[in-house]
Amino acid sequence: MNLSINIDHIATIRNARGGTEPDPVAAAEICERAGADGIVVHLREDRRHIKDKDVRILRESVKTKLDLEMGANEDIILIALEVVPDLITLVPEKRQELTTEGGLDVVAQKDKLGRVIERFHEKKIPVSLFIHPDRRQIDASKEIGADMIELHTGEYSDAVNETEQMRLFKQIQKSAVYGKSIELGVNAGHGLNYGNVARVAEIGAIDEMSIGHSIISRAAFVGLERAVKEMLALVKK
Ligand code: PXP
């Protein structure tokens, strides 16, 4: 099982002050040094976290794999075609949402998404589609030429009780096995954290998980004591 780290929220913290710290490029280097198999960034229409410049620099600096998450908007498509990341993950995007809320409705947008996939394939960029664990969406993804699917684990992660979580887990497991059986790469992500990831990590049909918020949140706490001590050493010298 591979793990790719979404570093969007390093940029969220940076943008809170409008300066250069913390730098997502430095964050990507730390993730790779720690053993991450890839780096994920979402270039949103409103550029609320990752900016165009970040993507261009990361293209040069990331040594593992750069996965660019994006909505299928022309403006972003043109940037992606120029940058040529190692993987494109297409997601639905609404301006007002706090994070990617749902999966793509591939069934309803076969023609449009199929044309976008073709444009990326012309540049030899593989494409993954972020979808709910639903067989119709998996079949439609295969039909329009997706290389991979990323199964949305958000509902599983937000489940209110164990019975519900188990039901949603089984959907993910069944979808992963089905996706693999029709020769799609299978990724999974959204909302995964230190408490709910283990079960998903045991699904052999999943190639890779994409995790961001829980890791960046934990990093703040794991690193806080050291950061305070370093500042105290300067202040109380
Ligand atoms: N996968 C996709 C397609 C996403 O949109 C996101 C959130 O940007 C993630 C994975 C990571 O989700 P989280 O930050 O909740 O780990």
For Lys53, go through the aspartates and glutamates and keep the ones whose alpha-carbon is under 16 Å away, minus same-chain ones fewer than eight residues off. Asp8, Glu21, Asp23, Glu45, Asp67, Glu69, Asp75, Glu82
Under 15 Å from a point placed 7 Å out from the Cα of Phe221 along the Cα-to-Cβ direction: which residues of region 189-206 have their backbone N that close? 193-197
Given the DSSP H assignment, sum -39500 (n - 2.57) over each helix run of at least 4 residues in the chain and divide by its residue total; what's the result at 222 nm in deg cm²/dmol, nearest 500? -15000 deg cm²/dmol
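Pulled fully out, how much extra length does the chain show between Asp105 and Leu81, if you take 0.36 nm times their separation in residues and subtract their Cα-Cα distance? The partial results should precede the final answer.
Working: separation 24, 0.36 × 24 = 8.64 nm, distance 2.29 nm.
Value of the extension gain: 6.3 nm.
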For the chain: rounded, prolate or oblate by the Cα gyration tensor [a/c cutoff 1.5]: oblate
If R0 is 22 Å, what FRET efficiency do you get for Lys112 and Asp139 from their C-beta distance, rounded to 0.05? 0.80
Select from the chain the helices, each a whole stretch of DSSP H, whose alpha-carbon atoms run 27 Å or more along the helix axis and whose Kyte-Doolittle mean is at least -1.0; answer none if there are none. 162-181, 213-235
Express the accessible area of the chain per residue in Å², computed with a 1.4 Å probe while the remaining protein chains stay in the model. 52 Å²
Label-reachable residues, region 19-43, where backbone N falls under 15 Å from a point 7 Å from Tyr194's Cα toward its Cβ: none
Give the aspartates and glutamates reachable from Lys174 as a straight Cα distance under 12 Å; neighbours fewer than 8 places away on the same chain don't count. Asp134
Between His121 and Ala16, the FRET efficiency computed from the C-beta separation at R0 = 35 Å comes out, to the nearest 0.05, as 0.40
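The values are calculated or read from the model by the stated rules, or taken from the named source; none is laboratory data. This is a predicted model, so every value here is computed, not measured. Cβ coordinates were reconstructed from backbone atoms using ideal geometry, including for glycine residues, and neighbour counts include every protein chain displayed. The protein model used for the area step is the full one, side chains on, heavy atoms only, and it has no ligands, DNA or RNA in it. Shrake-Rupley method; radii C 1.70, N 1.55, O 1.52, S 1.80 Å.
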